[in-house]
Amino acid sequence: FINPYGNFAIEGIPVSRPEDFRAVSTRLDPECRNAHLVVASPVDLACQFSHPRIIGINHGIHWDHRFNRRYNYSTRKFAAAAQGVTNSLLTVAVDTNFINWLRTVDYELARRVRYVPNYVDHSIFQFTTKDFSSELVCLYPRRLYEARGLYITGAAFHSLLARYHDLKLVLAGQIDSEADRNLLEALCRSFPGRVVWQECPPDAIHRLYREAHIVLIPTAYSEGTSLACLEAMASNCGIIATNVGGLPNLVLHEFNGLLIGPEPGELCLAIERLYRDRQLLEQLARNAYQVSLRFSKSLWEQRWLQLLEDVI
């Protein structure tokens, strides 16, 4: 297919094994040979490329998973990413977690990676004055599945909503599986009106941040620098995030949010703490906004323009 998007044409290419990075990369390579510049996003797609001018992008360690054990460790999990970095002139990582991990595998290869975190557009996600002494609205603004913390959130709020009647949970995201849908619908039935789920389009999500007091980023595994976290910070929200992936690049514990382990019990304790200490919640939200200014879209653009100048 070829679909127009703004001033660009988006071209789709058929591949026999779309879940296989090497198969996709092999198929893409001849299509890219006449390009002046290739941006491989994710960088794994460059693993079979022969183009002389490639910028790769790593969005997080996608082979981070709850089933990982030392006895099933295999370099095949990240072989495509490592080869993609090797084939690229430089690779952009949105978090330092990937860079630090790569340094333990190949120190010289890690020197070819630059840290450019994701950004927030402050013209859309704006500081909103809030009453933190009223009913607390907790917002989960991301895909509704295990990796992003759906099960952690569900377990925590089954306990919290039974004990705190002026607490509300709003979930805004897409559901991919029937099992996840069943879990969420059961939670909504258990607490009608106090658990609200809606599939909010990206251009409307900023409205939900305006109404939220606490934003939950309870990632279980496989995270870069969360756009939702940055958007919440810019909107004067208190942040509770897990210490997973690139989230510690954004949240300093007890300064602009609370960092917890990816466990329902820890999420319960963090929410209870902010429920009882509204002054701390307001302070964390205020500090989060100030931190978000260092992740502005204009700074992100400057960093990328410099990268493009270096490569071209």
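The values are calculated or read from the model by the stated rules, or taken from the named source; none is laboratory data. Being a predicted model, the structure only gives us computed values, none of them experimental. Quick reminder, even Gly has a Cβ in these numbers, built from the backbone with ideal geometry, and neighbours come from all protein chains shown. Quick note on the areas: whole protein, heavy atoms, side chains included, nothing else; ligands and nucleic acids left out. Shrake-Rupley method; radii C 1.70, N 1.55, O 1.52, S 1.80 Å.
Test of understanding: what is the full-extension gain from Asp106 to Ala9, defined as 0.36 nm times their sequence separation minus their Cα-Cα distance?
Length gained, Asp106 through Ala9: 31.2 nm.
Distant-in-sequence amide contacts of Ala40, defined by a placed amide H-H separation under 5 Å and a gap of 5 or more residues or a different chain, comprise Ile55, Gly56, Ile57. Across all directions, the shadow cast by the convex hull of segment 1-137 built on its C-alpha atoms averages 13.3 square nanometres.
Put Thr104, Thr26 in order of accessible area, highest first, and with a 1.4 Å probe you get Thr104, Thr26. Considering only beta bridges that DSSP places wholly inside the chain, some 10 percent are antiparallel.
Computed on protein heavy atoms with a 1.4 Å probe, the accessible areas place Phe21, Phe295 in the order Phe21, Phe295, largest first. Scalar couplings 3J(HN,Hα) for segment 80-85, obtained by applying the Karplus form with A = 6.51, B = -1.76, C = 1.60 to θ = phi - 60°, are 5, 5, 5, 5, x, 5 Hz; x denotes Gly and Pro. With both residues required to sit in segment 1-156, DSSP beta bridges show an antiparallel share near 30%. All C-alpha to C-alpha distances of segment 51-204, sorted into 10 Å bins beginning at zero, yield P(r) values of 9, 27, 25, 24, 13, 2, 0 percent in whole numbers.
Using alpha carbons only, the radius of gyration of the chain set against its Kirkwood radius gives Rg/Rh = 0.99.
Between segment 235-305 and segment 93-140, what's the alpha-carbon centroid distance in Å? If you average the Cα positions of each part, the centres end up 10 Å apart.
Just checking the listed ones, Ser159, Ser292, Ser235: in the Gaussian network model of the chain with Cα springs under 10 Å, the one fluctuating most is Ser159. At the residue level, His59 shows approximately 100 square angstrom of accessible surface with a 1.4 angstrom probe and all protein chains present. Which value, in Å² and to the nearest 10, is the accessible area of Tyr115 when all protein chains are kept and the probe is 1.4 Å? Tyr115 exposes around 80 Å² with every protein chain in place. Backbone amide hydrogens, once placed in the peptide plane, bring Thr242 within less than 5 Å of Ile217, Thr219, Ile260, excluding anything fewer than 5 places away on its chain. Between Ser16 and Asn72, the C-beta separation translates, for a Förster distance of 22 Å, into a calculated FRET efficiency of about 0.25. Solvent-free Debye calculation, one equal scatterer per alpha-carbon of segment 227-312: log10 I(q)/I(0) at 0.13, 0.14, 0.22 Å⁻¹ equals -0.47, -0.53, -1.00.
Compared with the dominant Cα axis of the chain, that is its longest principal axis, helix 96-105 is turned about 50°.
Rounded to the nearest Hz, the phi-derived 3J(HN,Hα) couplings of segment 210-223 under the Karplus curve 6.51 cos²θ - 1.76 cosθ + 1.60 (θ = phi - 60°) are 4, 8, 8, 9, 10, 10, 9, 10, x, 4, 8, 6, 6, 9, where x marks glycine and proline. Within straight-line reach of Lys168, meaning a Cα separation under 22 Å, sit the following lysines at least 8 residues removed in sequence or on another chain: Lys130.
Rounded to the nearest whole Hz, the Karplus-based 3J(HN,Hα) values (6.51 cos²θ - 1.76 cosθ + 1.60, θ = phi - 60°) of segment 139-153 follow the sequence 10, 10, x, 7, 4, 9, 7, 4, 4, 8, x, 4, 5, 4, 5, with x at glycine and proline.
Cα-based radius of gyration for segment 169-312, normalised by 2.2 N^0.38 Å, reads 1.15. Shown here for segment 123-218: GluC sites (Glu not before Pro) in loop regions (DSSP other than H, G, I, E, B) with at most 16 other Cβ atoms within 10 Å, namely Glu135, Glu199. Volume of the convex hull of segment 135-205 (Cα atoms only), normalised per residue: 80 Å³.
Between Ala186 and Phe255, the simple spin-label model (points 7 angstrom out along Cα→Cβ) gives 4.1 nm.
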